[in-house]
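Novice: One structure coming up, written as structure tokens, with questions to follow.
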Amino acid sequence: MKDKILKKIRMLCDDLKAMASSEFAKPQKETTREQAKATCKKPHMVAYQIVGQQMEHVLPLFKGLDSDLHRSGIKANFKAYVSLTVLVTIIAMLAVLTAVPCLLFFTLGIPFLPAVLFGAGGSLFTFAFSIIAFYFYPIYRADKLRRELEDELPFTTGYMAILTGAGVSPERVFYSLSNLSVPLAISTEARDVIRNVSLFGQDIISALEEASKQTPSERLRELLEGFISTIHSGSSSTAYLREKSKQYMKLKRISLKKFSDTLSILSEFYVTILLTGPLVLMIMLATMAMLDGGSLGILSPDLLLNLLTYVGIPLGAIMFLIILDAVTPKW
């Protein structure tokens, strides 16, 4: 009798173990994989886990970056972003310090000491370039977001005026902006407002005040503060938004007129610097190479021609595209 009872207890324990292994082990593995994938998708989290504890003395050097990081829309903590900056800079410096001397010594036959000096110089240049790139990337993102928001404001205010004229509440107005079928920059700002209201329990006025503090656009900040004032005073939000839409449309026309003038100037620069100038230099260098002309130190005409063709012109074109993207309105 005791043996049968013990057998039943063992069978029951085995069944429970099987159920636990089938129902809980698999989700734990999937959860671990999902966490690993999430960690891999966010390099700033990995950097923070590696070097985050040693960043206390480095953070004051990036003091002005915190506000730009918030206004840029980059979803990363300030300390985690600085950790990513430091980690990527160290890895890039070590890679250049190792790769450049090996390449110069084993491939080009340059003596070991000059090759090491070239590697040290390259690593210092990599350090400066990496720090500057990480420092100015949030500033560039914030400026790009500002331009996109201000380009959309004439249409955004008109859309908001239509909704408020139909009796839609401010919460539903921003909910509608956050779910537009066409992806706009204002949709991200509206999602933050709806998140603060729905998840964090803020009222619409507090959420709009926080959004006005974090936005990089002065015009959008002015619009939100005026919208908050109309809610406080109980005046007509529709009339306010319609007036703002007319005002922003006039500013839009002025900015497009300025852009057409700027574009004509940029086209002249492009023709002069990237078309006519390189063509004249290429003809001159090709003639010097055929006539076995003199060289500028270690730079022969053939080397100068290759540098101009494969380095100078592509870099100039990239810089021109960056400048053109910075001044071109999105709408």
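The values are calculated or read from the model by the stated rules, or taken from the named source; none is laboratory data. What you are looking at is a predicted structure, and each value in this text was computed from that prediction instead of being measured. Every residue, glycine as well, gets a Cβ built from its backbone with ideal geometry; the counts of neighbours run over all protein chains shown.
Novice: Restricting segment 167-203 to residues that are crowded, with 21+ Cβ neighbours inside 10 Å and not hydrophobic (A, V, I, L, M, F, W, C), which is farthest from E152 (Cα to Cα)?
Specialist: P170
Novice: Assuming L275 fulfils every condition listed in (1) farther than 30 Å from N306 by Cα; (2) surrounded by fewer than 16 Cβ atoms within 10 Å (Cβ to Cβ) apart from one, which condition is it?
Specialist: Here L275 clears every test but (1).
Novice: Listed residues S67, S22; which is part of a helix (DSSP H, G or I), modelled with pLDDT of 80 or more and among the small types (G, A, S)?
Specialist: Of S67, S22, the one residue that is part of a helix (DSSP H, G or I), modelled with pLDDT of 80 or more and among the small types (G, A, S) is S67.
Novice: Would you mind telling me which numbered condition in (1) in a helix (DSSP H, G or I); (2) farther than 18 Å from L241 by Cα; (3) among the aromatic types (F, W, Y) F174 fails?
Specialist: Going through (1) in a helix (DSSP H, G or I); (2) farther than 18 Å from L241 by Cα; (3) among the aromatic types (F, W, Y) one by one, F174 breaks only (2).
Novice: Tell me which of these M249 doesn't satisfy, since it passes every other one: (1) outside any helix (DSSP H, G or I); (2) within 17 Å of T156 (Cβ to Cβ).
Specialist: The one condition M249 does not meet is (1).
Novice: Check segment 204-226 and report whether any residue there is basic (K, R), surrounded by 15 or more Cβ atoms within 10 Å (Cβ to Cβ) and touching a residue at least 40 places away in the same chain (Cβ under 8 Å). It would help to see each step written out before you state the result.
Specialist: Going through segment 204-226, the residues basic (K, R) turn out to be 213, 219, 221.
Filter once more, so that each one left must be surrounded by 15 or more Cβ atoms within 10 Å (Cβ to Cβ): 219, 221.
Filter once more, keeping what is touching a residue at least 40 places away in the same chain (Cβ under 8 Å): 219.
Yes, segment 204-226 contains at least one residue that is basic (K, R), surrounded by 15 or more Cβ atoms within 10 Å (Cβ to Cβ) and touching a residue at least 40 places away in the same chain (Cβ under 8 Å).
Novice: Determine whether D68 is in the same structural domain as S236 (by TED's automatic domain parsing) and at negative phi.
Specialist: Details: in the same structural domain as S236 (by TED's automatic domain parsing): no; at negative phi: yes.
It is false that D68 is in the same structural domain as S236 (by TED's automatic domain parsing) and at negative phi.
Novice: Condition check: more than 24 Å from T188 (Cβ to Cβ), surrounded by fewer than 19 Cβ atoms within 10 Å (Cβ to Cβ) and at pLDDT 80 or above. Does I74 satisfy that?
Specialist: Values: more than 24 Å from T188 (Cβ to Cβ): no; surrounded by fewer than 19 Cβ atoms within 10 Å (Cβ to Cβ): yes; at pLDDT 80 or above: yes.
Taking the combined requirement at face value, the residue does not satisfy it.
Novice: Here is a follow-up. Surrounded by fewer than 14 Cβ atoms within 10 Å (Cβ to Cβ), of a type in the set (G, A, S) and outside any helix (DSSP H, G or I): which single residue out of S235, S229, S260, S267 fits that description? Talk me through it step by step, then tell me what you get.
Specialist: Details: S229 fails: outside any helix (DSSP H, G or I); S260 fails: outside any helix (DSSP H, G or I); S267 fails: outside any helix (DSSP H, G or I).
Residue meeting the stated conditions: S235.
Novice: Name every residue in segment 239-258 that is hydrophobic (A, V, I, L, M, F, W, C) and at pLDDT below 85, in order of residue number.
Specialist: Result: L256, single match.
Novice: Let me ask you something else. Please enumerate the residues belonging to segment 75-98 that are of a type in the set (G, A, S) and under 13 Å from S123 (Cα atoms).
Specialist: Residues satisfying the conditions are A92, A95.
Novice: Okay, next question. Condition check: under 14 Å from the mean Cα position of the chain (by Cα) and either under 30 Å from R191 (Cβ atoms) or in a helix (DSSP H, G or I) (or both). Does A95 satisfy that?
Specialist: No; evaluated as a whole, the condition is false for this residue.
Novice: The conditions are (1) assigned to a helix (DSSP H, G or I); (2) within 26 Å of the chain's Cα centre (by Cα); (3) closer than 28 Å to V327 by Cβ, and P183 fails exactly one of them. Which is it?
Specialist: (1)
Novice: For segment 243-255, name all the residues that are surrounded by fewer than 12 Cβ atoms within 10 Å (Cβ to Cβ) and within 29 Å of the chain's Cα centre (by Cα).
Specialist: R253, I254
Novice: Here's something else I'd like to know. Might you let me know whether segment 119-126 holds any residue that is free of Cβ contacts under 8 Å to residues at least 12 places away in the same chain, small (G, A, S) and in the same structural domain as R71 (by TED's automatic domain parsing)?
Specialist: yes
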